[in-house]
1. Give the residue, chosen from Pro84, Pro67, that is under 19 Å from Leu21 (Cβ atoms), assigned by TED's automatic domain parsing to the domain that holds Tyr33 and surrounded by fewer than 13 Cβ atoms within 10 Å (Cβ to Cβ).
2. Looking at Ser168 and the list (1) closer than 17 Å to Arg27 by Cα; (2) among the small types (Gly, Ala, Ser); (3) modelled with pLDDT of 95 or more, which single condition is not satisfied?
3. Among the numbered criteria (1) touching a helix residue (DSSP H, G or I) at 6+ places or on another chain (Cβ under 9 Å); (2) among the hydroxyl-bearing types (Ser, Thr, Tyr); (3) in contact (Cβ under 8 Å) with a residue 40 or more places away in the chain, which one does Tyr38 miss?
4. List every residue pair whose Cβ atoms sit under 6 Å apart, with the two residues 6 or more apart in sequence or on different chains, where the first one lies in the range 209-226 and is free of Cβ contacts under 8 Å to residues at least 40 places away in the same chain and within 18 Å of Gln189 (Cβ to Cβ) and the second, anywhere, is surrounded by 13 or more Cβ atoms within 10 Å (Cβ to Cβ) and of a type in the set (Val, Ile, Thr).
5. Restricting the range 128-154 to residues that are over 19 Å from the mean Cα position of the chain (by Cα) and part of a loop (DSSP other than H, G, I, E, B), which is modelled with the highest pLDDT?
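The values are calculated or read from the model by the stated rules, or taken from the named source; none is laboratory data. Please read all numbers here as calculations on a predicted model, not as lab measurements. As a convention, Cβ positions derive from the backbone with ideal geometry for all residues, glycine included, and neighbour counts pool all protein chains shown.
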Amino acid sequence: MRRKADRLLKEWRDKADRKPLLVKGVRQCGKTYLLRTYAQTLFESVVYVNLENDQSARADFSGGLDPHSIVRAIEARTGQRIVPGKTLLFIDEVQACGEALTSLKYFCEDAPEYYVAAAGSLLGVAINHQSYSFPVGKTDLIEMAPLDFEEFLWAMGYERLADEIRSSFESMDPLAPSLHDKALGLYRQYLVVGGMPEAVQTYAEVQSVIDVAEKHRIILDGYSADTNKYADERLSSKTRACFDSIPQQLAKENRKFQYKVV
């Protein structure tokens, strides 16, 4: 699935003053896909480390923050070589290990020859909750978001229409009526499907709103479950109640609202 962040990743690879890359964004917006799949076309190899699912991977960072020691530990555990200038070391779910997040600072300062990229969600919440040391000024940043309408058109196979819309916008000329009607119909579909990659992929393949709704439900359930990770049960229940009430709040004529935790 083509994303605008593809270009940003290539630009980062080619930077002369490259720092470790941190890819931020909500869960399931395409961070892992960007760095596991698209990166295969940009680097000779990709070594993948998931710090949320693999406890042994977190142990690679427990022996200290020397980047060369970390690289040797990962190579020994995975059996894969991490070659400076050729291999991308991809650290996924970096918020699950404070030492891994802090290590990005030392990769920047002491081992700039390595391509290192980390992805994480809920980084702000995790850092505040665990008192992690964030590598301020030591990382390059890509902020991932769900697909926008142009990316939705690409995914649906309407790249030429997306080009016409962009050209029309830049020249301030109106679209032809037939193209305008087509674009408006697709925009209404986008409002229903949204921009989460899995939902868009499902809709592109089967054109079923029912299947898309099921994908939405699974994603929302995952978001709700995340509230248990960084708060006690009392605060988690209130957070979930706030989260579940958002559609009702937005349906009101006055959409300005606030919550007070008591």
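1. Working: Pro67 fails: surrounded by fewer than 13 Cβ atoms within 10 Å (Cβ to Cβ).
When all the criteria are applied, what remains is Pro84.
2. Result: Ser168 passes all but (1).
3. So the condition that Tyr38 fails would be (3).
4. Asp211/Thr202; Val212/Val193; Val212/Thr202; Lys215/Thr202
5. Going through the range 128-154, the residues over 19 Å from the mean Cα position of the chain (by Cα) turn out to be 128-133, 136-138, 153.
Remaining after also requiring part of a loop (DSSP other than H, G, I, E, B): 131-133, 136-138.
Details: Ser131: 53, Tyr132: 57, Ser133: 66, Val136: 77, Gly137: 85, Lys138: 90.
If we take residues in the range 128-154 being over 19 Å from the mean Cα position of the chain (by Cα) and part of a loop (DSSP other than H, G, I, E, B), then Lys138 is modelled with the highest pLDDT.
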